[in-house]
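Worksheet: one structure, shown below.
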Amino acid sequence: MRRRADAGTGRLEFIPPMEPKLVAMPPEGDNWIHEIKLDGYRAQIIINGPEDIRVYTETGKDWTRQYLGIVEAAGELEVKNAIIDGEAVVTDKAGMPDFNALQNAVHDNPYGMYLCAFDILHLNGHDLRDVGCKARREILSGIIKPHSRIRFSEALPGDAQSLFHLVEEVELEGIVSKRAHSKYRSGLTSNWLTTKSFTVDEFELLGVERQPGEAAFALLAQPGTGKYVGSALISLGRDMKERLFKRVREHAGPPPEAMKKRPGTQWLRPGVKLRIRHLRGDHSHIRNASLLGFGDES
């Protein structure tokens, strides 16, 4: 992982990002800034002059080549140097974040995404991490140009509960709430909170993956198609687990032709439907999924 270089060189390098704590409901009160949680990839832009611009993932991988359009936009900012924190996204025709399209763009179209910028850590030789969140965002807003691939993440007006309800209604991923005067500190923090919007759907069970000493996962497909859409953690109680594994044994079958070999997996014939809780969004690839029960017992 890349870290900030010796301060004597004046060169800026990757800083591990500040990460919000997951909560069930957004916080109340006037001391919070609320933003839409976009369905994308966390990204950090590091500008060390117009010819030295890099973009990193949240784990510090250099993805500059994957984000050439964002790099060009960063080169148009009137700054000497800066570190900008944000989310790389691709939107559909309705302007909604499309995570599946983002995954494709990362591999095939480095000009297909934009950065929704929500924080700034350094600017023109000044370390801004001890400045309050609201003030940092005002500084960030002041350097972003209109009609750019780098856009400012606007705060949402209104009370937190109403905002989250609205986000659920339009099927966005959730909201992020930040203490207005919080300093920027790398790692997980309760000064930033994320409230995610989940939904429950029915999927077909393709197989169960169990590795010794590890959690078990249900491999899932869209009903009627057999198309793999992801996995869900099996966190059921003992009785439900026993009933699940009984069905797995009863429906044991060969692996689907389209699936790669997966060690420790018991494959099933079609017929077992499960109720799955997962993040709202594209059903072609579910995320943050957990198993609730059987589809014929809902």
| task | Scan region 185-196 for residues that are of a type in the set (A, V, I, L, M, F, W, C) and surrounded by fewer than 18 Cβ atoms within 10 Å (Cβ to Cβ) and report the count. | result | 1
| Scan of region 121-137 for residues that are part of a strand (DSSP E or B) and either within 21 Å of the chain's Cα centre (by Cα) or within 15 Å of Ser186 (Cα to Cα) (or both), ordered by number | Leu121, His122, Asp127
| Can you name every residue in region 197-215 that is surrounded by fewer than 20 Cβ atoms within 10 Å (Cβ to Cβ) and on the phi < 0 side of the Ramachandran plot? | Ser197, Phe198, Thr199, Val200, Asp201, Glu202, Glu209, Arg210, Gln211, Pro212, Glu214, Ala215
| Out of all the residues in region 222-239, is one or more among the β-branched types (Val, Ile, Thr), part of a strand (DSSP E or B) and crowded, with 18+ Cβ neighbours inside 10 Å? | yes
| Would region 113-120 turn up any residue that is assigned by TED's automatic domain parsing to the domain that holds Lys178, modelled with pLDDT of 95 or more and not in a strand (DSSP E or B)? | no
| task | Would you mention how many residues in region 85-112 are of a type in the set (D, E, K, R) and at pLDDT 85 or above? | result | 3
| field | Considering residues of region 77-101 that are of a type in the set (A, V, I, L, M) and over 15 Å from Ser141 (Cα atoms) only, the residue surrounded by the fewest Cβ atoms within 10 Å (Cβ to Cβ) | value | Ala94
| query | Counting only residues that are under 29 Å from Asp52 (Cβ atoms) and among the hydrophobic types (A, V, I, L, M, F, W, C), how many does region 82-104 have? | reply | 7
| field | Options Ser141, Ser177; residue that is surrounded by fewer than 19 Cβ atoms within 10 Å (Cβ to Cβ), at pLDDT 95 or above and at negative phi | value | Ser141
| Residue in region 58-76 that is buried (at least 21 other Cβ atoms within 10 Å of the Cβ), in the same structural domain as Glu154 (by TED's automatic domain parsing) and assigned to a strand (DSSP E or B) present | no
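The values are calculated or read from the model by the stated rules, or taken from the named source; none is laboratory data. Just so it is clear, the model here is predicted, and its values are computed rather than measured. Positions of Cβ are generated from backbone atoms using ideal geometry, with glycine treated the same way; all protein chains shown enter the neighbour counts.
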